[in-house]
Amino acid sequence: MKVNKCSTTVKCQSKSRAHNNNTDGHTTEEVEEEPPGKSCVFSDEDEEPPSKIDISKHRLFGGIPKAIWNDWKWQFRNRITDIDQLTQFIPLPLEEQTNLKLVTMRYPLSVTPYYLSLIDPDDPGDPIRKQAIPSILEMTMASLGAEDPLGEKEDSVVPGLVHRYPDRVLMVLTDICPMLCRHCTRKREWQHGRWVRTNNEIEAMLEYLRRNDSIRDVIISGGDPLTLSTSHLESIISKVRSIRHVEIIRIGTRFPVVLPQRIDSELCAMLSKYSPIWLNTHFNHPREITLEAAEACDRLLRSGIPINNQSVLLRGVNDTVETMLRLCQDLLRIKVRPYYLFQCDEVQGTEHLRTPVEVGIKIIEGMRGYTSGLAVPTFVVDLPHGGGKVPLQPDYVVSQTENELVLRNYEGRLFHYRNPKKQTHIKLKDEEPSPVAYTTKLLNNYELESKIKGTENADRVVVRS
Ligand code: SF4
């Protein structure tokens, strides 16, 4: 058996996490389906030469055989969760180690070996590192922001179910995530230990859904719901799907980014049974679009699950036009739609990662026109106290009168645009007339209106149903 420095470390981490999980029933029940550490036994014969894309992985985790590396449960069990473990992969000065130990007492650390392997250990400004590795600024700037800026607690109708908009609800099944993103909106939950909703709590949520037939869209989120076992997830999704008025189910997950191995054929086959299911994920930087991530997305797409991406605008991670352009173009290349670019919420412990709102608007301005519209996400601010999402974009209207607008295009050139006059809309009656009779009636009505108003332009009829 060959055990190098990194693989020994990983092996020990499994043992220590096995101990932790004995005190944490939920995690053990939902995720740890195999004895911890079982997969950490390997031999030289298992090893494969590193490919080009594996250079970083092999630098940090050189001894891990591919089959084990690609086992999502192994990845999950072997998350790096304390600063002493972390320093074996990323060099940290002693003072920084001390500081980060203080930070993790309030805001814990959790990063998968896979995501850690994407970090350049020698670059303190690495954009992947900023999302995963704690910073002392989480504490020194902690007076800014709020614990729950979006007021999610206020909108909970039963524990775990947020009903803010008329036709959709958010089901929060767990607070467990494979990685604790330093910019997380639900960072407040990290201090309360790990939990998964009980069967009774889930039944209460389902009962609320059954009783409210205005709900046509259910968003299943967390934490990350894909930390649940596939069979447990199926038992919930199948019950949601059996509610007649629920038209679509959306799953919010960062697994395709931080642990793409989770998107296995078993999960995809299960999800494909409950179509239509949409999946929202969270790529923030082009370097997160690895071969593994692309393959995970491809498996979902081939199972009939469309994928949208919701990035968060983060200082030093993706706050330039060039990075966001590259990210969104690369997302389209793997057939993931760039959907939202979120202004980072004003959450305590995230201020150092927030950018002025103008930065987001400038990024959209720098993308619009320079690349396909499909690659341009909607930049949104999620308002405090449950005010909802507000889209922001550059102002392209230079001036406006009743008859004309002066618009600027993406190059800054000005164009005059005639503004059509308001027209009377004719409503359809309940009974459906024949197309010929209906058109004749429209024309007659329009002629009458034209005469009344003295309108000369009689070649346009507008119908709105
Ligand atoms: S995956 Fe989402 S919920 Fe989980 S820590 Fe990251 S941002 Fe927060």
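Some observations on this one:
- Residue in the stretch 383-390 that is in contact with a Pro (Cβ under 6 Å, 6 or more places away or on another chain), modelled with pLDDT under 95, open to solvent by less than 100 Å² (accessible area, probe 1.4 Å) and not in a loop (DSSP other than H, G, I, E, B) present: yes
- Residue tally, condition farther than 30 Å from D71 by Cβ and open to solvent by less than 20 Å² (accessible area, probe 1.4 Å), over the stretch 185-227: 7
- Candidates L150, L161 - the one that is out of contact with any His (no Cβ under 9 Å at 6 or more places or on another chain), more than 11 Å from the ligand (Cβ to nearest atom) and open to solvent by less than 30 Å² (accessible area, probe 1.4 Å): L161
- Cβ separations smaller than 9 Å between residues 6+ apart or across chains give the following pairs from the stretch 168-183 residues that are under 27 Å from R210 (Cα atoms) to residues that are part of a strand (DSSP E or B) and within 10 Å of the ligand (Cβ to nearest atom): L170/S221; L170/G252; M171/S221; V172/S221; L173/S221.
- Filtering the stretch 115-158 to residues that are under 30 Å from R210 (Cα atoms) and part of a loop (DSSP other than H, G, I, E, B) leaves D148, P149, L150, G151, E152, K153, E154, D155.
- Looking only at the stretch 98-129, residues that are within 15 Å of L180 (Cα to Cα), free of Cβ contacts under 8 Å to residues at least 60 places away in the same chain and open to solvent by less than 10 Å² (accessible area, probe 1.4 Å) come to 3 in all.
- Going through (1) open to solvent by 20 Å² or more (accessible area, probe 1.4 Å); (2) acidic (D, E); (3) within 16 Å of the ligand (Cβ to nearest atom) one by one, E138 falls short only on (1).
- Only residues that are more than 20 Å from H282 (Cα to Cα) and either out of contact with any helix residue (DSSP H, G or I) (no Cβ under 8 Å at 6 or more places or on another chain) or of a type outside the set (D, E) (or both) were counted across the stretch 122-148, and they come to 14.
- Any chance L271 is open to solvent by less than 30 Å² (accessible area, probe 1.4 Å) and over 30 Å from A142 (Cα atoms): yes
- Checked across the stretch 261-273, the condition of being within 30 Å of E322 (Cβ to Cβ) and within 14 Å of the ligand (Cβ to nearest atom) holds for no residue.
The values are calculated or read from the model by the stated rules, or taken from the named source; none is laboratory data. Since we're looking at a predicted model, the values are computed, not measured. Because the Cβ atoms are built from the backbone with ideal geometry, glycine has one as well, and the counts that use them run over all protein chains shown. When the accessible area is computed, the model is the full protein with side chains, heavy atoms only, and any ligands, DNA or RNA have been set aside. Shrake-Rupley method; radii C 1.70, N 1.55, O 1.52, S 1.80 Å.
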